[in-house]
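Written below as structure tokens is the structure these notes are about.
The values are calculated or read from the model by the stated rules, or taken from the named source; none is laboratory data. Nothing here was measured: the structure is a model prediction, and the numbers come from that model. Methodologically, a virtual Cβ is constructed for each residue, glycine included, from the backbone with ideal geometry; neighbour enumeration extends over all protein chains shown. Quick note on the areas: whole protein, heavy atoms, side chains included, nothing else; ligands and nucleic acids left out. Shrake-Rupley method; radii C 1.70, N 1.55, O 1.52, S 1.80 Å.
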Amino acid sequence: GWIKSTNLKRYSFRANVEQQLGDKWLAGIQLNPTRTVNTRQNEDNNVASPQTYAVLFFPNVAAYDENGEVVGNVAPTSIGRTQFAGTPLGNIVGQDITATTTQILTNTYLEFRPITKLKLRTEFGAQFQQVEDLLKQASFTTDGFGADGSADAANAQVINYSWNNLATYTDFIGRSEFDFTLGFTVNREQTSTQFVTGNTFADDRLKTLASAAEITGGTGTKNDVTFVGFLGRLNYAFDGKYLLSASARVDGSSRFGADSRYGFFPAVSAGWILSEEPFLQNNSTINFLKIRGSYGLA
């Protein structure tokens, strides 16, 4: 970190495994667990952050007293000691702020080709994320002064599931090439948060809320959202340069009321690859030129 006592540690692992099962089946799994421990200080816009407080603090006041201890809440600042007690050094050594994030991402898939031109694919993915944010302010810091120290504990959890199914058919007829896709998707996200704060610690060496004499606040939330979608898409190309695409989706979300839960979203586009035309194929200054227009509802 760029301020003393700040650092970040990250541990991660990634695995991608794919296996052909006979001539028509393909299976795979992707796994990516990570753990990040971020030891930080208050944000720049907080007066208790060391870098912000350094602007307010008089530079001719000693950082340590005659006993070698960090000068605490009696040090003056350029806007008065009563408003913002503390020192830049005190805010560094007296703050313990750690955010720990644990996340696991996984995705599995299975493909089946009953015939060469048709591919059926199903995918299931999951995300688990846990964030724990712990903060302790000693009694001699700007935020902990007047409360005999303070502490916060926040916890957030996200669990996300997704299931995607696609059927794709590709074919050639003379100079025409087309593919047709049908799909169905489901997504569910569950989130929960908890927050607790307290103050009045008998000793600054006590770091957890269990040692606080007074719990001053707390809250919690829980949310569960489901999304479903149905889709169809047709791509057509003639002679490799005249392109047409049309698609349509029907999406529904539990965030909306029963009378307006689903929406229909069509789209169409057309393209012309001019660089494939004879009058531009021998042009040395243009490698690729395409005109495309589209229209859709969202």
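Quick notes
- Residue that is farthest from S247 (Cα to Cα), among those in region 165-210 that are touching a residue at least 60 places away in the same chain (Cβ under 8 Å) and in a strand (DSSP E or B): F201
- Pairs with Cβ under 7 Å, 6+ apart, first in region 16-45 and within 17 Å of I92 (Cβ to Cβ), second open to solvent by 80 Å² or more (accessible area, probe 1.4 Å) and at pLDDT below 95: N38/L8
- Positions within region 245-290 being open to solvent by 90 Å² or more (accessible area, probe 1.4 Å) and assigned to a strand (DSSP E or B), in sequence order: Y262, F264, W272
- Yes/no for R175 being exposed (fewer than 15 other Cβ atoms within 10 Å of the Cβ) and closer than 30 Å to E277 by Cβ: yes
- Within region 99-151, restricting attention to residues that are among the hydroxyl-bearing types (S, T, Y) and modelled with pLDDT of 95 or more, the residue that is farthest from the chain's Cα centre (by Cα) is T122.
- Condition check for T142: of a type in the set (S, T, Y) and more than 24 Å from D224 (Cβ to Cβ): yes
- Scanning region 1-15 for residues that are free of Cβ contacts under 8 Å to residues at least 12 places away in the same chain and surrounded by 10 or more Cβ atoms within 10 Å (Cβ to Cβ) yields no hits at all.
- Restricting attention to region 214-238 and to residues that are more than 23 Å from the chain's Cα centre (by Cα) and open to solvent by 80 Å² or more (accessible area, probe 1.4 Å), the residue that is farthest from G174 (Cα to Cα) turns out to be E214.
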